[in-house]
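Input: a single structure, listed below in structure tokens.
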Amino acid sequence: MERVLLFLSGLLLLLSCNREKVIEPIPYDNPEIPLNIPDGFPSLNAFVGENKPTKYGVELGEKLFHEKKLSGNNTISCASCHKQSSAFADNNVQAIGIYGRVGLRNTPPLQNLAFMKFFNWDGNILQLEKQPLVPIITHEEMNSSILEVIGKIRDDYEYKDLFKKAFGDENVTADGIYQSIAQYEYTLISANSKYDRIRRNEGDTFTESEARGYQVFQQKCMSCHSTELFTDQRFRNVGFPVNPSTEEAGRARVTGIPADLMSFRVPSLRNAEYTAPYGSFGQFPTLKSVLDYFDNGVLDADNLDPILKDNGNRIPLTEQEKEDIISFIKTLSDSTFVGK
Amino acid sequence: MKTQKSYLLFLVCSLALMSCSKNDDNPVANNITLHFNNTFKNTTIVLGDASSSTATVNTSAEGQVHHFSELKYVISNIRLIKADGSEIPYNINDLDQGATVVDHSKPQTLDYVLSNIPVGEYGQLKFGLGVRPELNTLDEVRFPDFYAAAGANDTQMHWEWGTGYRFTKIEGFYDTDHKEMSVHTGSTVEGTNGEPDTYTQGVDAYRDITLTLPSHAIVGEHAPRITINADFDKLLSGKTNTIILGTGNAKPSTHTAANMVLFVDNLGGNGSSDLSGMFSVGSVEN
């Protein structure tokens, strides 16, 4: 009997030893990178708290962001369309991916994403970690698959090293790829424009035209381009020319609600100077052409935004007002953010 | 007393051996084959291009002629219900082992073999048209085989922008001038529909189907074959909706969640009063 007990306790001891082996200490100091939340910005997207940027997570994410092996033929990286000099957008009408294939929509800029509740023109993504897979597998973007990507980079010394430092394990994983890219993107915060410096009383002042533009902006634009992000993050049909693709339904593509047809997320106006052309599929070459369109009158629709409906389907603007608004919008340009 | 005990032990042992040898003759498990018969009403569909003279032409309740050039759908979450009410789930959390793309142009996909089904009499069959939200993430790492099968160039059942699977993909032509029609369905739901605590946005296009078998499928020495009719006449002339194809819904926005639910409810039922949609059981062969 005693022998049996001895044997049993020995077995238990072995089992407990096995268990302890599973827990591995993280050998690298990988400090969290605090996100400096600019004054007046809305609160962080709740998912940021589940994937807080770290030193090596962001470093890995930045490397992956520029990695062309994410695409089937190693020609397209995230940065191919999301160029820093264009506030992480590009200047094509619609996105151009692998083999010159043209995507459905205009590339959105990547800025202040940590504060956004919805991603993409139609808000189909609510958690940034779920976005990187979309371009990787999309025919018109990178036309690859996550296992194909992992296969290409898993034996790369630099990636193994960064995965070890960021996540404590040198194995390249799908979740590690998604999380690190999101971590990098969370750090892309733009809040150092002339407008911001004036708001913070750092000595800058608006020119006369900018100041007039700000006044008109507050009367005629700020209902939608509100908050310090310069978007209310709502989905609106503003009667812009409609994308002829049968794939396009705007927000209704996600919700299935007819009232959301051809509604798009109000875009931020920060760094708009760098992101021409404008509109969900690049309908407008310049800021002036957008304002001209609003002034001339927009397309009617059952679900046209009530603000436009109440004003005869247009936003009347004088030529002087347009010029001033554009001057003001240019004060939202953050030259350090775009590296200029 | 001691001899009696030994005798009993011997008896028990031989009984055990006997039952073992019996099991060799009568297996503990066998296959069930699900055969999918895609029809317009009672006629098995023949696919064809716009000007095909051999394609099966259907006429909707509203008098619209139409035929298909492509017809695919995903079946998953298969459960078999025994006559006593107990439920045998078939790899319901494993898309590689428990889900399939039925592609009408590939005869081998019309038969889906469920392996290792416990012996017994089965009176009911449940399955999903599409993929449950929690598994509908295009997770290639977790389910590489199903991901590859669904994403193949000639299958195209990935819905990339929604990072989910297409649940049905129908291409075809309607009206006498053969205008193109194209119906794709899939889910965009975040959280659970009808649960305000979790639901944030989107449409759940997954539909759970319940079919009562006309006679029991008896799994034992023989492997039953159940023929499931999928009557695509219901696409336009369903129990829930009567649809007229036109510029607003035949091609534009049927790739999207807008308008899609009308088709989904016709094909897979509305989830409440109609739990079978276009599906019915044609026959059970034991």
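The values are calculated or read from the model by the stated rules, or taken from the named source; none is laboratory data. Only a predicted model underlies this, so the values are computations on that prediction, with no experimental measurement involved. Note that we place each Cβ from the backbone using ideal geometry, even for glycine, and neighbour counts take in every protein chain shown.
What the table shows:
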read-out	value
Filter result for A:Val102 (more than 10 Å from every other protein chain (Cβ to nearest Cβ), free of Cβ contacts under 8 Å to residues at least 40 places away in the same chain and either on the phi < 0 side of the Ramachandran plot or among the acidic types (Asp, Glu) (or both))	yes
Unmet requirement for B:Tyr122, which otherwise passes all of (1) within 12 Å of chain A (Cβ to nearest Cβ); (2) surrounded by 16 or more Cβ atoms within 10 Å (Cβ to Cβ); (3) not β-branched (Val, Ile, Thr)	(1)
Hits in region A:253-290 (condition: over 24 Å from A:Lys83 (Cβ atoms), among the aliphatic types (A, V, I, L, M) and without any contact (Cβ under 8 Å) to a residue 60 or more places away in the chain)	A:Ile257, A:Ala259, A:Leu261, A:Met262
Check on B:Leu95, under 21 Å from B:Arg207 (Cβ atoms), hydrophobic (A, V, I, L, M, F, W, C) and either touching a residue at least 40 places away in the same chain (Cβ under 8 Å) or out of contact with any Phe, Trp or Tyr (no Cβ under 8 Å at 6 or more places or on another chain) (or both)	yes
Lone qualifier among A:Val172, A:Val242 - being without any contact (Cβ under 8 Å) to a residue 24 or more places away in the chain, over 22 Å from the mean Cα position of the chain (by Cα) and within 14 Å of chain B (Cβ to nearest Cβ)	A:Val172
Any hit, region B:163-172, residues being among the polar types (S, T, N, Q) and exposed (fewer than 14 other Cβ atoms within 10 Å of the Cβ)	no
Selected residue (criterion: nearest to the chain's Cα centre (by Cα)) from residues of region B:125-151 that are away from chain A (no Cβ under 14 Å) and of a type in the set (A, V, I, L, M)	B:Leu129
The one condition in (1) touching a residue at least 60 places away in the same chain (Cβ under 8 Å); (2) surrounded by 20 or more Cβ atoms within 10 Å (Cβ to Cβ); (3) more than 14 Å from every other protein chain (Cβ to nearest Cβ) that A:Thr227 fails to fulfil	(2)
Test: residue in region B:237-260 that is more than 20 Å from B:Gln64 (Cα to Cα), modelled with pLDDT of 95 or more and not in a helix (DSSP H, G or I)	no
Residue count, region B:152-164 (criterion: more than 10 Å from chain A (Cβ to nearest Cβ) and of a type in the set (Gly, Ala, Ser))	2
Tabulated pairs, region B:144-163, first on the phi > 0 side of the Ramachandran plot, second of a type in the set (A, V, I, L, M, F, W, C) and surrounded by 15 or more Cβ atoms within 10 Å (Cβ to Cβ), C-beta under 8 angstrom, 6+ apart or interchain	B:Thr163/A:Leu133; B:Thr163/A:Val134; B:Thr163/A:Ile137; B:Thr163/B:Leu138
Residue match in region A:257-265 (condition: surrounded by fewer than 23 Cβ atoms within 10 Å (Cβ to Cβ), in contact with a Pro (Cβ under 9 Å, 6 or more places away or on another chain) and either more than 9 Å from chain B (Cβ to nearest Cβ) or over 22 Å from A:Ala114 (Cβ atoms) (or both))	no
Conditions (1) at pLDDT below 95; (2) more than 16 Å from A:Asn120 (Cα to Cα); (3) assigned to a helix (DSSP H, G or I); number of the one not met by A:Thr246	(3)
Residue match in region B:209-223 (condition: loosely packed, with under 15 Cβ neighbours inside 10 Å, within 14 Å of another protein chain (Cβ to nearest Cβ) and not hydrophobic (A, V, I, L, M, F, W, C))	no
Matching option when the condition is in contact with a His (Cβ under 9 Å, 6 or more places away or on another chain) and small (Gly, Ala, Ser), among B:Gly98, B:Gly164	B:Gly164
Top-ranked residue in region A:180-200 [being assigned to a helix (DSSP H, G or I) and either of a type in the set (Lys, Arg) or within 14 Å of chain B (Cβ to nearest Cβ) (or both); ranked as surrounded by the most Cβ atoms within 10 Å (Cβ to Cβ)]	A:Lys194
Residue that is modelled with the lowest pLDDT, among those in region B:176-196 that are over 30 Å from B:Gly63 (Cα atoms) and more than 14 Å from chain A (Cβ to nearest Cβ)	B:Gly194
Scope region A:292-313; condition over 14 Å from A:Pro241 (Cα atoms) and of a type outside the set (Gly, Ala, Ser); matching residues	A:Asp295, A:Asp302, A:Asn303, A:Asp305, A:Pro306, A:Ile307, A:Leu308, A:Lys309, A:Asp310, A:Asn311
Residue among B:Asp49, B:Asp96 that is farther than 26 Å from B:Ser237 by Cα and surrounded by fewer than 17 Cβ atoms within 10 Å (Cβ to Cβ)	B:Asp96
Criterion violated by A:Glu208 - all others in (1) surrounded by fewer than 22 Cβ atoms within 10 Å (Cβ to Cβ); (2) at pLDDT below 95; (3) among the charged types (D, E, K, R) satisfied	(2)
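Residues checked against (1) within 29 Å of A:Leu44 (Cα to Cα); (2) at the interface with chain B (Cβ under 9 Å from one of its Cβ atoms); (3) part of a helix (DSSP H, G or I):
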site: A:Gly123; (1), (2), (3): yes, yes, no
site: A:Glu129; (1), (2), (3): yes, no, yes
site: A:His139; (1), (2), (3): no, yes, no
site: A:Asn143; (1), (2), (3): no, no, no
site: A:Leu147; (1), (2), (3): no, yes, yes
site: A:Gly151; (1), (2), (3): no, no, yes
site: A:Asp155; (1), (2), (3): no, no, no
